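These notes are about the structure you will find just below.
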Amino acid sequence: MFLTKEEEGMLDGRHGRATQKAMQILVALGKIYDASRLVRVSSVQVSGVSYKNLGDAGLEFLDELAEDGKARVRTTLNPAGMSLTDWRSQGIGSGFAEKQLEVIDAYRRLGLEISCTCTPYIAGNLPLFGQHIAWGESSAVAYANSVIGARTNREGGPSALAASLTGRTPLYGLHLTKNRVPTIAVDVEAALSSPEDFSAMGYFTGKLAQDGIPLFRGVRKANLEELKTLSAALASSGGVAMFHIAGLTPESELGEGAPEPVSFAQKDLEETRAFLNDEGIPDFVALGCPHCSLAELRTLANLLNGRRVRKEFWVCCSREVKRQSDEAGYSGIIEGSGAKFATDTCMVVAPVEDLGFKVVATNSAKACHYLRNAGLRTRFMPMEECVEEATRRR
Ligand code: F3S
């Protein structure tokens, strides 16, 4: 793989030990994937922030890098395992909290922005069409590639950090136009009328596409909330890092001559909804997978206005979107109902399985997927029904 003089210097250790280690990771990756060279990235998003996933080995790795490493490009962070300020009211134990704060401190010393969100694109880190980036969070990767037209592979924690410390990533995979063409066409016959329908469609398609690139045909319109939940679901039941929607997403013309289609019919939508719905009365309601947008918080505030929630109710969003919601007056209504904001974290990366909940109501197929893996039962329902469930007297 070709390296510039500066990149060779990084590899030789002339820019410090952390940069050298980062360059070694990128060169090894480049060799595995047969990259011809490195490409500069305009931003990085690092996943692997929750102590639940990192453990002590991950924390040690970060501490070592933080001895002399510094981010060279703007780098934002995925959600942590708890709210960084309100973890006590979330029921998080002090042992976990201490370790989580050590992880955050290491990232801060590395010069990363402590944004703790999976929707950086609505919280100030919005790439442009065609820009090379190195993002880790799978839902954000699918959104950035597909909806924005930026270019990123699905980075693991170490490779994203390596990109941050060097400002580069190997040029392979979805950085190359030839790898962005659809591998499966999906004719959408079902009537899609809500974000939950897009989420279910993503879940259905992810299973079929695996790590391929679906092209959806027959979808006439989609808003940001629908596209972000579609991105998340595709990347949870499968490993989809990019999709196209004919006539809507910016590179959908790459789909001309797409392979034989499968269909997504009304029956598939209903079967997927049913599949994600377990038995049981929810004892926990969680919205914001991916993290809520301001528009979702407005809808939620309207639904909760003047009502009282009777169950643990988490609203997951970034601090930036929460700040906008505070200014707009939505937060006061939401918190006035007894619902709690879960900023910096989410219902999946927080250790909710240790908090005693059994059945979670949520509007996200991705959240259902991972919560089930953690041993909880899930009820998949629209936001309106989640609010009904939370406010019902039983
Ligand atoms: Fe985000 Fe957590 Fe869902 S990181 S996409 S809210 S699983």
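Below, the figures for the structure above:
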| quantity | calculated |
| --- | --- |
| Criterion: within 16 Å of the ligand (Cβ to nearest atom) and charged (D, E, K, R) - qualifying residue of Lys322, Lys311 | Lys322 |
| Every residue from segment 301-344 that is over 24 Å from the mean Cα position of the chain (by Cα), part of a loop (DSSP other than H, G, I, E, B) and among the charged types (D, E, K, R) | Arg307, Arg308, Arg310, Lys311 |
| Within segment 295-323, considering residues that are of a type in the set (S, T, N, Q) and either farther than 17 Å from Cys118 by Cβ or in contact with a Phe, Trp or Tyr (Cβ under 6 Å, 6 or more places away or on another chain) (or both), the one surrounded by the most Cβ atoms within 10 Å (Cβ to Cβ) | Thr299 |
| Candidate set from segment 36-83 (those that are touching a His at 6+ places or on another chain (Cβ under 8 Å) and part of a loop (DSSP other than H, G, I, E, B)); member that is surrounded by the fewest Cβ atoms within 10 Å (Cβ to Cβ) | Ser42 |
| Of residues in segment 111-133 being under 15 Å from the mean Cα position of the chain (by Cα) and free of Cβ contacts under 8 Å to residues at least 60 places away in the same chain, the one farthest from the ligand (Cβ to nearest atom) | Leu126 |
| Subset of segment 218-237 (residues that are of a type outside the set (A, V, I, L, M, F, W, C) and in contact with a Pro (Cβ under 7 Å, 6 or more places away or on another chain)) | Glu225, Glu226, Lys228, Thr229 |
| Filtered residues of segment 85-110 (kept if over 14 Å from Ser50 (Cβ atoms) and under 21 Å from the mean Cα position of the chain (by Cα)) | Arg108 |
| Pick from segment 353-368, criterion part of a strand (DSSP E or B) and either of a type in the set (A, V, I, L, M) or free of Cβ contacts under 8 Å to residues at least 60 places away in the same chain (or both), ranking: farthest from Gly288 (Cα to Cα) | Val359 |
| Boolean, Ala163 is more than 30 Å from Ala18 (Cβ to Cβ) and touching a residue at least 40 places away in the same chain (Cβ under 8 Å) | no |
| Any hit, segment 189-208, residues being among the small types (Gly, Ala, Ser), touching a Ser or Thr at 6+ places or on another chain (Cβ under 7 Å), free of Cβ contacts under 8 Å to residues at least 40 places away in the same chain and assigned to a loop (DSSP other than H, G, I, E, B) | no |
| Residue in segment 345-352 that is over 18 Å from the mean Cα position of the chain (by Cα) and not in a helix (DSSP H, G or I) present | no |
| Counted residues, segment 139-161 - those being within 16 Å of the ligand (Cβ to nearest atom), farther than 18 Å from Thr249 by Cα and either in contact with a Cys (Cβ under 7 Å, 6 or more places away or on another chain) or part of a helix (DSSP H, G or I) (or both) | 2 |
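Read-outs: derived from the displayed coordinates by stated rules, not from any lab. Small disclaimer: the values here were computed from a predicted structure and weren't measured. Cβ: placed from backbone, ideal geometry, glycine included. Neighbour counts: every protein chain shown.
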